[in-house]
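Data first, discussion second: the structure below is written as structure tokens.
No lab work stands behind these numbers, since they all come straight from the coordinates. Predicted model, so just to flag it, every value in this text is computed and none were measured. Positions of Cβ are backbone-derived with ideal geometry, glycine not excepted, and every protein chain shown enters the neighbour counts.
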Amino acid sequence: MAKIHVTTTINGEPMEYLCEPDDTMLDALRGPLGLTGSKEGCASGDCGACSITVDDRLVCSCLMLAAEAEGHELRTIEGMADGERLHPLQQKFLEQAALQCGICTSGMLVASDALLRKNPDPSEEEVRFWLAGNLCRCTGYDKIVRAVLDAAAEMREATREAAQ
Amino acid sequence: MADIRYLAPRTLDEAIGAFAAAGSAARILAGGTDLLVQVRSGIVKPGVIVDIKKISEMTEIAETADGGFRIGAAASGMALAEHPRFGKVWPGVLEAVNLIGSKQVQGRASAGGNLCNGSPAGDSVPAMIAAGAIVTVQGPDGRREMKVEEVPAGPGRTNLKPGEILVSFVLPPRAPGSGDAYLRMIPRTEMDIAVVGLGVSLTLENGVCTAARVGLGAVAPTALLVEAAGAALIGSKLDDAALEKAAEACRSACRPIDDKRGTIAYRVKTAGVLLKRTAAIAAQRATGK
């Protein structure tokens with residue numbers, strides 16, 4: 001069976017790869033594309049560790065075929081930091097110990113980023129509902145939720161300062 | 001490596017040709033949140049996967065000239081949530097669609113997939129039934145329309161003919177004073193499968209109910225239109241007697257199973273409770289309060 005040739009955009013860069021018809025996007029990211037920041041937890045869309053965005057919509061890359069990426073714009077955890085400079089969400093996760101084993105972390109960050117792009121000032125409840133599809137078996141979630149709220153506050157402050 | 005083929009046709013005619021030619025080995029891919037799990041776990045071994053999301057009609061959400069909505073079968077729940085008008089006109093349908101899975105799942109999962117997956121507990125189905133949605137299906141013999149409640153045939157089965165594809169839902173225009181709502185009972189607070197799901201759509205004129213439809217899910221092999229419940233509300237001021245009569249109609253319609261999420265007795269009782277609660281929310285929305 002011939003492989004499928006896919007042309008897409010990942011973290012703003014044009015990318016091409018070959019995939020099998022039943023490869024998932026997560027298979028392609030972690031395999032030929034070498035973007036191993038997205039993790040495989042459950043492979044059934046329950047845990048959110050493989051979260052990416054496709055045309056700004058948050059999805060589980062394990063529930064998408066690699067062939068489906070043709071012509072779309074994807075963002076993964078690798079596109080989050082600006083070179084050596086961490087994204088405020090990443091910085092707050094570190095400062096507030098919002099991770100332990102780290103398996104869920106890239107999915108948590110990608111999902112939190114997707115939330116803050118839609119809603120820069122979410123309530124705690126909104127953060128908890130939004131992150132309900134990201135499972136963490138270490139932290140008990142409190143530190144993650146606090147880190148997201150603090151990062152959101154800092155980003156709003158930065159936006160205000162930039163506007164002045 | 002199984003010999004699966006992936007096709008992403010640009011037109012409905014191409015999709016129907018490919019789907020019909022592949023016969024029972026073909027599967028339609030909309031959001032994939034059910035299909036890809038079934039493929040990975042070996043429940044389904046498709047020879048051909050037909051991705052319908054490159055066909056614009058399949059993902060479009062459009063207001064029709066008469067004030068109704070046409071929703072492409074593969075439009076995601078998140079796309080419906082982001083639509084500027086849909087949630088204002090059909091808040092109950094939107095809340096049902098947005099109870100399906102996590103935000104990640106909503107980024108892909110569609111009402112069309114929810115219907116065609118054939119789960120008796122699919123959340124969007126009772127709300128679509130209450131809304132009076134009509135679906136368009138197209139196959140090798142052309143297009144036809146069906147009432148949404150006629151689509152499910154039983155757990156995992158639909159009444160679509162071989163080679164037919166669900167194309168879109170049409171929701172009718174709204175009379176002034178109309179509102180809809182969907183509630184489900186689950187053992188946890190989020191991200192679970194309905195023990196009972198219930199949708200109500202109704203219209204009030206001077207406090208009197210002039211139209212009402214009730215869709216009931218997770219208590220029978222398919223989601224149901226409970227005509228007697230709607231009839232009990234019509235003509236009333238949604239007083240306690242009318243609501244109890246409608247609740248009794250819902251309880252009578254239940255043919256549930258016992259499972260780890262709920263017993264038969266619990267599901268039957270809950271169906272009546274949900275009728276009253278859901279009707280109250282729909283009425284509140286209808287009166288704009």
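Of the candidates A:M25, A:M64, A:M80, the single residue that is more than 13 Å from chain B (Cβ to nearest Cβ) and among the aliphatic types (A, V, I, L, M) is A:M80.
Reported count of residues in region B:148-165, each being touching a residue at least 60 places away in the same chain (Cβ under 8 Å) and either of a type in the set (S, T, N, Q) or under 23 Å from B:V89 (Cα atoms) (or both), is 1.
Out of A:L35, A:L58, report the one residue that is more than 8 Å from every other protein chain (Cβ to nearest Cβ), within 13 Å of the chain's Cα centre (by Cα) and of a type outside the set (V, I, T).
After ruling out the rest, the residue left standing is A:L35.
So for region B:169-188 (the condition being within 14 Å of chain A (Cβ to nearest Cβ), without any contact (Cβ under 8 Å) to a residue 40 or more places away in the chain and surrounded by fewer than 18 Cβ atoms within 10 Å (Cβ to Cβ)), does at least one residue qualify? Before the answer, list the steps.
Of the residues in region B:169-188, the ones within 14 Å of chain A (Cβ to nearest Cβ) are B:186, B:188.
Filter once more, so that each one left must be without any contact (Cβ under 8 Å) to a residue 40 or more places away in the chain: B:188.
Restricting the remaining residues to those that are surrounded by fewer than 18 Cβ atoms within 10 Å (Cβ to Cβ) gives B:188.
So far as region B:169-188 goes, yes, one or more of its residues are within 14 Å of chain A (Cβ to nearest Cβ), without any contact (Cβ under 8 Å) to a residue 40 or more places away in the chain and surrounded by fewer than 18 Cβ atoms within 10 Å (Cβ to Cβ).
Counting only residues that are closer than 16 Å to B:E227 by Cα and free of Cβ contacts under 8 Å to residues at least 60 places away in the same chain, region B:247-289 holds 11 of them. Candidates are the residues of region B:26-55 that are part of a loop (DSSP other than H, G, I, E, B), at the interface with another protein chain (Cβ under 10 Å from one of its Cβ atoms) and touching a residue at least 60 places away in the same chain (Cβ under 8 Å); the one that is surrounded by the fewest Cβ atoms within 10 Å (Cβ to Cβ) is B:D34.
Counting only residues that are more than 19 Å from B:A279 (Cβ to Cβ) and not small (G, A, S), give me the strands (runs of 3 or more DSSP E) lying completely in region B:161-229 with at least 1 of them. First the steps, then the outcome.
Details: elements: B:165-171, B:178-185, B:196-205, B:208-217.
Here the list reads B:165-171.
B:G23 falls short on exactly one of the conditions (1) surrounded by fewer than 18 Cβ atoms within 10 Å (Cβ to Cβ); (2) in a loop (DSSP other than H, G, I, E, B), and that condition is (2). Quick one: is B:I234 in contact (Cβ under 8 Å) with a residue 24 or more places away in the chain, more than 23 Å from B:I193 (Cβ to Cβ) and of a type in the set (V, I, T)? Taking the combined requirement at face value, the residue satisfies it. In region B:59-75 there is no residue that is within 11 Å of another protein chain (Cβ to nearest Cβ), in contact (Cβ under 8 Å) with a residue 12 or more places away in the chain, closer than 23 Å to A:G48 by Cβ and surrounded by 20 or more Cβ atoms within 10 Å (Cβ to Cβ). Annotation: of all residues in region B:87-99 being surrounded by fewer than 24 Cβ atoms within 10 Å (Cβ to Cβ) and without any contact (Cβ under 8 Å) to a residue 40 or more places away in the chain, the one that is nearest to the other protein chains (Cβ to nearest Cβ) is B:N98.
So for region B:76-83 (the condition being hydroxyl-bearing (S, T, Y), in contact with a strand residue (DSSP E or B) (Cβ under 8 Å, 6 or more places away or on another chain) and more than 9 Å from every other protein chain (Cβ to nearest Cβ)), does at least one residue qualify?
So the first thing to find is which residues in region B:76-83 are hydroxyl-bearing (S, T, Y), and the list is B:76.
Going one step further and asking which of them are in contact with a strand residue (DSSP E or B) (Cβ under 8 Å, 6 or more places away or on another chain), we end up with B:76.
Right, trim to more than 9 Å from every other protein chain (Cβ to nearest Cβ) and you get none.
Looking for residues that are hydroxyl-bearing (S, T, Y), in contact with a strand residue (DSSP E or B) (Cβ under 8 Å, 6 or more places away or on another chain) and more than 9 Å from every other protein chain (Cβ to nearest Cβ), one finds none in region B:76-83, hence no.
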